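Taking it in order: structure first as structure tokens, then the write-up.
Throughout, read-outs are computed from the coordinates displayed, never taken from laboratory work. None of the values given here were measured: they were computed from a predicted structure. For neighbour counting, all protein chains shown are included, and Cβ atoms are generated from backbone atoms with ideal geometry for every residue, glycine included.
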Amino acid sequence: MLVIYRLIYLIGRYFKVLPIQTYLAGAMTACKDNGADWREKITPLLEVMEVKIQNPVKDEVKKIKPPEGMDYKDYLYKLKISGKRKELNEVIKRIKKADLKAVVQSDFIICFWQNNVPTVGTIEELVVASYFKVPIYVYTKDNISTINEWFLSFPFKKGEVFQHRSELIGFLKGKYRRE
């Protein structure tokens, strides 16, 4: 199904009926703010460039559908500890389907990487992006020498690693400038 989503997207971009799009990949579950802070800071910088932003943090509640008044993280935790594995798997399946669809419907991926923050979904998103040859641009505050070599192999296929947000935005402005 991802192949079909990618083909439809590429056809739309070829005929210029779809805007340039990016997906903001990075840890969420292990972050106190669900990974919202860096995404909120980079969004206006991308909007100025007329890039459509696919932000999984903003869409998470729609995908998970927690009971009224319950935080989505609390809901997932409750499912996990109560042994409702089938229901939990259905929720995770919805999240993965939506997020991976957004990945293949992107011109590029921006990934904020933090060595000390565990993440699993981000890795799957980057593997899928790499498979579909979607460029991956990593933004990290960590020293590059401390980042796992296997992880660094993702962006070097068709992307770059940046240690400053301003460098990333400058690069993107040059590469994805609207004509």
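Taking loop as defined by DSSP and a crowding limit of 16 other beta carbons within 10 Å, which chymotrypsin sites (Phe, Trp or Tyr not before Pro) in the range 1-96 fit?
Values: sites: Y5, Y9, Y14, F15, Y23, W38, Y72, Y75, Y77; in loops: F15.
For chymotrypsin sites (Phe, Trp or Tyr not before Pro) across the range 1-96 that sit outside H, G, I, E and B with at most 16 neighbouring Cβ atoms in 10 Å, the list reads F15.
Fully extending the segment from K52 to D33 would add 4.6 nm, taking 0.36 nm per residue of separation and subtracting the current Cα-Cα distance. Anisotropy class assigned to the range 115-179 is oblate, per the alpha carbon gyration tensor with a/c at or over the 1.5 cut-off and a/b no larger than b/c. Just want the answer: with Cβ charges of +1 for Lys and Arg and -1 for Asp and Glu, which residue in I92, Y77, M49 is farthest toward the dipole's positive end in the range 1-92? Comparing the listed Cα positions along the dipole, I92 ranks first. Once the chain from K41 to D74 is taken as fully extended at 0.36 nm per residue, the excess over their C-alpha distance is 9.3 nm. Compare V127, V104, V161 in a GNM of the chain, Cα atoms joined below 10 Å, and give the one with the largest fluctuation. Of the options given, V127 has the highest mean-square fluctuation.
Remark: the Cα gyration tensor places the range 1-43 in the oblate category, a/c being 1.5 or greater and a/b not exceeding b/c.
The residue among I144, F171, T22 whose Cα reaches farthest toward the positive pole of the charge dipole of the chain, with charges on the beta-carbon of Lys, Arg, Asp and Glu, is T22.
Taking a straight line from the alpha carbon of K86, these lysines sit under 21 Å away, with near neighbours fewer than eight places off in the same chain left out: K62, K63, K65, K73, K78, K96, K97. Only helices enter the 222 nm calculation for the chain: every DSSP H run of n ≥ 4 contributes -39,500 (n - 2.57), and dividing by all residues gives -16000 deg cm²/dmol, rounded to 500. At most 10 other Cβ atoms within 10 Å plus a DSSP loop assignment makes a site exposed; report the longest stretch of the chain without any exposed trypsin sites (Lys or Arg not before Pro). In short, 33-132.
Are there GluC sites (Glu not before Pro) in the range 1-86 that DSSP marks as loop and that have at most 10 other Cβ atoms within 10 Å, and which are they? Walk me through the numbers on the way to the answer.
Numbers: sites: E40, E47, E50, E60, E68; in loops: E50, E68.
Passing both the DSSP loop test and the Cβ count: E68.
For the chain, the Cβ-based charge dipole about the Cα centre amounts to some 560 debye (Lys, Arg positive; Asp, Glu negative; other atoms uncharged). If R0 is 30 Å, the Cβ-Cβ spacing of K86 and L7 corresponds to a FRET efficiency of close to 0.40. Quick one: grab the alpha carbon gyration tensor of the range 1-103, order the square roots of its eigenvalues as a ≥ b ≥ c, and give me rounded if a/c is under 1.5, else prolate or oblate depending on whether a/b is larger than b/c. Oblate, because a/c is 1.5 or more while a/b does not exceed b/c.
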